[in-house]
Amino acid sequence: MDHIIENWRAVIAAANAAHAPLRLRGGGSKDFYGEAPQQQHTVLDTRPWQGIVDYEPSELFVTARCGTPLADIEAALSEHGQMLAFEPPHFGNATLGGCIASGLSGPRRMNSGSVRDFVLGARLLDGEGCIRTFGGQVIKNVAGFDVSRLLTGSLGTLGILLDVSLKTLPRPVQELTLQLQMNEGDAIVACNRWVAEALPLSASCWHAGVLHVRLSGAPTAIRSAQAVIGGETVEDGDAFWRELREQRHAFFLEGGELWRVSVPALTEPEQLPTSGLSEWFGAQRWLRDVGDPMVLRAHVALLGGHATLFRSAEATTTPRFQPLTPPLLALHRRLKTAFDPHGIFNPGRMYSEF
């Protein structure tokens, strides 16, 4: 496998010499996410670098190479009754590298944590062709600056993720999905009340007057929570949350621009320009027909959140991610220069400035 890294080093050296950008790409499942390439890029395919390097179920960690299919990792964990608790979306033939680079989490995020919370360590091939190692494989060995988590959500702009170590968790003993009829405001208040009462909620979804909640844990805890919450049992709850995670829910099939809005969980629906689909006990709202994007972002920022243009079928001049303040922009530039001094990795994928 070492010949793959040596080949990548040669590609990086040639790109630096020619000032030619490289597009880091695994399964291509997240091609839609982020800004479109501003110029012609040479594609560097990460899929040849694949395989599970180390997995210790008793230590609750797995280490795998960036090109490893996410489905292969999840299958290996499932054999030992474990999971990636942040429930990463696949959107197709996802790889581990794309999972970490995009930083996207699924329905369980508000209960278990985000992708970043589960990254223990990583190896990176930087813009000079040097291998950098950050973090460790288990929590007790993680020390120093938490750079491995910095790579989460960086969309390949800092380097090639070689290997990543992730914390794993046991699968819940039992899960149950309930559905209730209620408006969005009441649904958000109810979910947050149930969480405050320590009921075992692991996911929520509100859309078109119907609230779905998932309970995870011991059978006795689930029965007690069900008695408090009420509602109707959903027969195939796993399928519902899988469809939601992969954005095959009816709401996501409507077409048009799709906005992901992050706001404090108890933000009232009336404070946003439109209603759509709510997840994460109200902390994540999916919207369409938002009107002027600049007005939306300014308003969401006042609420303490941010707005991302997640999908758009049409070409647009609207920035995909919330524009950075000058101090944050300067920090991003310094990080980019430190890891990729010649600016060859996915330039413009996050922000047009670098």
- Note on the structure: Contact list, first residue from region 332-354 and open to solvent by 10 Å² or more (accessible area, probe 1.4 Å), second anywhere and assigned to a strand (DSSP E or B) and not aliphatic (A, V, I, L, M), beta-carbon distance below 9 Å, six or more apart or interchain, is 336/345; 339/132; 339/345; 349/23
- Note on the structure: Per the filter on region 175-213, residues over 10 Å from residue 281 (Cα atoms) and of a type in the set (Ser, Thr, Tyr) are 177
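For every residue, the table says whether it meets (1) touching a Ser or Thr at 6+ places or on another chain (Cβ under 6 Å); (2) of a type in the set (Gly, Ala, Ser); (3) more than 18 Å from residue 270 (Cα to Cα); (4) at pLDDT 95 or above.
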{"residue": "169", "(1), (2), (3), (4)": "no, no, yes, yes"}
{"residue": "172", "(1), (2), (3), (4)": "yes, no, yes, yes"}
{"residue": "185", "(1), (2), (3), (4)": "no, yes, no, yes"}
{"residue": "188", "(1), (2), (3), (4)": "no, no, no, yes"}
{"residue": "196", "(1), (2), (3), (4)": "no, yes, yes, yes"}
{"residue": "206", "(1), (2), (3), (4)": "yes, no, no, yes"}
{"residue": "209", "(1), (2), (3), (4)": "no, yes, no, yes"}
{"residue": "218", "(1), (2), (3), (4)": "no, yes, yes, yes"}
{"residue": "229", "(1), (2), (3), (4)": "no, no, yes, yes"}
- Query: For region 270-291, what are the residues that are in contact with a helix residue (DSSP H, G or I) (Cβ under 9 Å, 6 or more places away or on another chain) and open to solvent by 50 Å² or more (accessible area, probe 1.4 Å)?
  - Reply: 270, 271, 273, 275
- Task: Name the single residue, out of those in region 313-331 being out of contact with any Asp or Glu (no Cβ under 9 Å at 6 or more places or on another chain) and among the polar types (S, T, N, Q), that is least open to solvent (accessible area, probe 1.4 Å).
- Result: 322
- Message: Here is a list: 324, 331. Which entry is assigned to a loop (DSSP other than H, G, I, E, B) and aliphatic (A, V, I, L, M)?
- Response: 324
- Message: So residue 153 ticks every box in (1) in contact with a Ser or Thr (Cβ under 9 Å, 6 or more places away or on another chain); (2) at negative phi; (3) open to solvent by 10 Å² or more (accessible area, probe 1.4 Å) but one. Which box is left unticked?
- Response: (2)
- Looking for whichever is open to solvent by 10 Å² or more (accessible area, probe 1.4 Å), touching a Leu at 6+ places or on another chain (Cβ under 7 Å) and within 30 Å of residue 333 (Cβ to Cβ) here; the options are 162, 158, 166, 180. Which one fits? 158
- Message: For region 280-300, which positions are farther than 12 Å from residue 264 by Cα and in contact (Cβ under 8 Å) with a residue 24 or more places away in the chain?
- Response: 286, 287, 288, 289, 290, 293, 296, 297, 299
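The values are calculated or read from the model by the stated rules, or taken from the named source; none is laboratory data. Since the model is a prediction, treat every value here as computed from it, not as a measurement. All Cβ positions, glycine included, derive from the backbone under ideal geometry; neighbour counts span all protein chains shown. For the accessible areas, the whole protein counts, side chains as well, though only heavy atoms, and no ligand, DNA or RNA atoms are used. Shrake-Rupley method; radii C 1.70, N 1.55, O 1.52, S 1.80 Å.
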